[in-house]
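Q: Before we start, here is the structure in question, set down as structure tokens.
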Amino acid sequence: MLKGLYVAYTGMLQEQRRMDNLANNLANADTTGFKKEGLSSQTFETVLVDKIKDGSEGYRYANRIGSANPGVKIGESYVDWSEGSFQVTDIPMDMAIGGRGFFTVEFTNKNQESTTLYTRDGNFQMTTDGYLVTTDGDYVLGKDGNTNKRIKLDPTKEISVDQQGFIFQDGKQVAQLAITDFDDYNYLEHYGENYYYPVDGATQRAATGQVFQGYLETSNVSVVREMVEMISVSRQYEANQKVIQTYDTSLQTATQLGKLNG
């Protein structure tokens, strides 16, 4: 009888995680280049024959009863890599990538440690000394042979960028954006709002995306769809909550009958 409590408990836990995920997507609906995230799960039928203690899940979620393993098995989060729509800005420093690929950025953390990260956010600026940076002040990297380096331009001159990422000033090529792509995006981890970093197993490939100057790629989050999903999650959470309340009432009744019979 108590197995039903665990079924409802895992269901509520899954819906809570889904709600957190949806809230994060909505919070970044206006974040340039943001890719929405989802959450996977497995039903009772799928996990019926799983072992009792699965340490890969963490013991908070792995407490299953016997071989029945009731409830929902909480899965992993995933990223929806579909391309967001382009917004026309006509600002020379704004750039968007059409197709596959990422802008390459030199990110510096609070400890002044630098690492290479990747983003679809092309909302760039130029410093007074001519460096191309993100809105957070991280350096945008360009190609220099087989290596990447910071892009330094003449701040007194206008720039133009072609679809291959070549940057021109006074009709002369002065730099090229480093557009990086990967074979499998499943080997990219989210960092912050819209940065990504490769993990073990990630392999780079030739980028096929094209650069469009004067555009920004908007978030691929549909506010209406996320709100509808939120309503669905709330109802499913309440349904699991009612199951627990029903079990609680039944247990109270059984306890009182036991006392009367005793």
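The values are calculated or read from the model by the stated rules, or taken from the named source; none is laboratory data. This is a predicted model, so every value here is computed, not measured. When we count neighbours, we look across all protein chains shown, and the Cβ atoms used for this are built from the backbone with ideal geometry, even at glycine.
Q: Residue by residue through the stretch 199-228, note down the ones that are over 15 Å from G84 (Cβ atoms) and touching a helix residue (DSSP H, G or I) at 6+ places or on another chain (Cβ under 6 Å).
A: Those that are over 15 Å from G84 (Cβ atoms) and touching a helix residue (DSSP H, G or I) at 6+ places or on another chain (Cβ under 6 Å): V199, G201, A202.
Q: If you don't mind, another one. Based on this model, can you work out whether V140 counts as hydrophobic (A, V, I, L, M, F, W, C) and farther than 12 Å from F102 by Cα?
A: no
Q: Just to be sure before I move on: is S160 modelled with pLDDT of 95 or more, of a type in the set (S, T, Y) and out of contact with any helix residue (DSSP H, G or I) (no Cβ under 7 Å at 6 or more places or on another chain) in the structure I sent?
A: yes
Q: What's the number of the only condition in (1) over 24 Å from W81 (Cβ atoms); (2) buried (at least 17 other Cβ atoms within 10 Å of the Cβ) that D170 fails to meet?
A: (2)
Q: If you go through the stretch 180-196 one residue at a time, how many are crowded, with 16+ Cβ neighbours inside 10 Å and touching a strand residue (DSSP E or B) at 6+ places or on another chain (Cβ under 8 Å)?
A: 8
Q: Given E106, E76, E57, which one is of a type in the set (D, E, K, R) and at pLDDT 90 or above?
A: From the options E106, E76, E57, the qualifying one is E106.
Q: When residues of the stretch 98-150 are filtered for being closer than 14 Å to Y196 by Cα and among the aromatic types (F, W, Y), how many remain?
A: 4
Q: A further question on this structure: Out of the residues in the stretch 117-141 that are β-branched (V, I, T) and closer than 25 Å to F86 by Cβ, which is surrounded by the fewest Cβ atoms within 10 Å (Cβ to Cβ)?
A: Ranking the qualifying residues of the stretch 117-141, first place goes to T135.
For every residue, the table says whether it meets (1) in a helix (DSSP H, G or I); (2) of a type in the set (K, R); (3) within 30 Å of K110 (Cα to Cα); (4) touching a Gly at 6+ places or on another chain (Cβ under 7 Å).
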position	(1), (2), (3), (4)
P155	no, no, yes, yes
E193	no, no, yes, no
S234	yes, no, no, no
T253	yes, no, no, no
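Q: Can you tell me which residue in the stretch 143-167 is surrounded by the fewest Cβ atoms within 10 Å (Cβ to Cβ), limited to those that are farther than 18 Å from F102 by Cβ and among the basic types (K, R)?
A: Top of the filtered list is K157.
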